[in-house]
Amino acid sequence: MDIKDIRKKIDGVDAEIVRLFQERMKLSGEIAAYKKDNELPIKDEARETAKLEEIAKMADEDMATYCRMLYNNIMEMSRDYQRRVIQRGVNMLGVLEEAYEKTPAMPPDNESIACHGEQEPYCRQACVKFFGNDDHIQYFDDLEDIFAAVESGQCKYAVITIGRHIDVSNRVYEMLAENNCYIVRSTVTAGGMRFVCISRELEIYRGADRTCLMLRVPDVPGALYGVLDKFYALGLNVSKMKSWTAPDDEEDLMFCFDVETPFDSDSFRNMISQVSHAEQEYVYLGSYMEMTNE
Ligand SMILES: O=C(O)C(=O)C[C@]1(C(=O)O)C=C[C@@H](O)C=C1
């Protein structure tokens, strides 16, 4: 068969795939609305695992791995779309201000905290700084287990490092977004490791003076400039800037950075308005205070 004929067949199959993919995404959007109304988390690990198993069984033997990879990506996009559906029309500033009003002066000192076993001594130091004690730590082997513990409610908070290993911190930011978790406090321990306290509930403590934002942009010249320019125009300082290639597409860049401005200020409100009306989809990862030794 001529290559042209084969391509024609591929075009036909692609048209079907696009139609069905969009149909699936719309259904996923309906699930997002249900999850929002019933206060359910976007990610359902058990459903995804079962779905991948089912897909692998359904596929021909030599295609099973490809089908699994495809569905891994499809479900990641599906979650991304659900996040957008949920955020659409939400008055972001109103949500943040309500969270600020509801957050107590100090974090509770008797909640379970998920930590990484490998980082034990530093984690303890960070917990003492955040909660005044290190009595309620539960140790886990990896980040996935830590986020699962927070997601399921087994632990209300997690204290994890975000510094040092560049790959680790990128993954932490991606996982915060995937699991709808927020940074609520931050500190640097002895040894120069930066630890953050994260929560699934949006909490904004008094004194919060920096806000962590993440966004995805196409990897084209000037992409970074176009993002930062808007913050500089508002007189806002941007720090702890990180960028890396999107995990699922080499042509996209992920940016994560802190904007330094007190929560209770006009410049904060201007920034949120800027972010809410931007063309790009920003992911809000929390407003917090950097806790020092004093
Ligand atoms: O079944 C759900 O709960 C969905 O939200 C749909 C879906 C999917 O795309 O298949 C998306 C996210 C969940 O983690 C699991 C599955």
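A few notes on this one:
- Evaluated at q = 0.16, 0.17 Å⁻¹, the base-10 log of the normalised Debye intensity for the range 183-294, with identical point scatterers placed on the Cα atoms, takes the values -0.79, -0.88.
- An oblate overall shape is assigned to the range 3-87, the ratio a/c of its alpha-carbon gyration tensor axes (a ≥ b ≥ c) being 1.5 or greater and a/b not exceeding b/c.
- For Asp219, nonlocal amide neighbours, meaning residues 5 or more places apart or on other chains whose placed amide H falls under 5 Å from its own, are Asp252, Leu253.
- Across the range 29-41, rounded Karplus estimates of 3J(HN,Hα) from the backbone phi angles (6.51 cos²θ - 1.76 cosθ + 1.60, θ = phi - 60°) give x, 5, 4, 4, 5, 4, 4, 5, 4, 9, 6, 9, x Hz, Gly and Pro being marked x.
- Put simply, the amide H of Val283, placed in the peptide plane, has neighbours under 5 Å in Met214, Leu215, leaving out anything fewer than 5 places away on its chain.
- Residue-wise HN-Hα coupling along the range 71-84, computed from phi with Karplus coefficients 6.51, -1.76, 1.60 (Hz; x: Gly, Pro): 6, 4, 5, 4, 6, 5, 5, 4, 5, 4, 5, 4, 4, 5
- Ranked by the mean number of other Cβ atoms within 10 Å per residue, highest first, peptides 211-217, 12-18, 148-154 order as 211-217, 148-154, 12-18.
- Using a cut-off of 19 Å between Cα atoms, the listed pairs Lys9/Lys57; Lys8/Lys57; Lys43/Lys156 include Lys9/Lys57; Lys8/Lys57 as exceeding that distance.
- Selected from Ile162, Ile183, Ile74 as most flexible by GNM, with the chain as the system and alpha-carbon contacts under 10 Å: Ile74
- The chain, relative contact order [Cα under 8 Å, separation at least 6], %: 16 percent
- Amide hydrogen neighbours beyond the local backbone of Cys155, cut-off 5 Å, H modeled: Val150
- Calculated mean residue ellipticity, 222 nm, the chain: -16000 deg cm²/dmol, from DSSP H runs (n ≥ 4) at -39500 (n - 2.57) each, averaged per residue and rounded to 500.
- Shape call, the range 10-156: gyration tensor on alpha carbons, a/c limit 1.5: oblate
- Distance histogram in 5 Å bins (all Cα pairs of the range 92-291, percent per bin): 1, 7, 16, 20, 20, 16, 11, 6, 2, 0
- For the range 244-256, 3J(HN,Hα) per residue [Karplus equation, 6.51 cos²θ - 1.76 cosθ + 1.60, θ = phi - 60°, Hz, x = Gly/Pro]: 7, 6, 4, x, 10, 7, 5, 8, 10, 10, 9, 10, 9
Read-outs: derived from the displayed coordinates by stated rules, not from any lab. Owing to the predicted nature of the structure, the values given are computational and were not obtained by experimental measurement. Cβ sites come from the backbone with ideal geometry, for glycine too, and all protein chains shown count toward neighbours.
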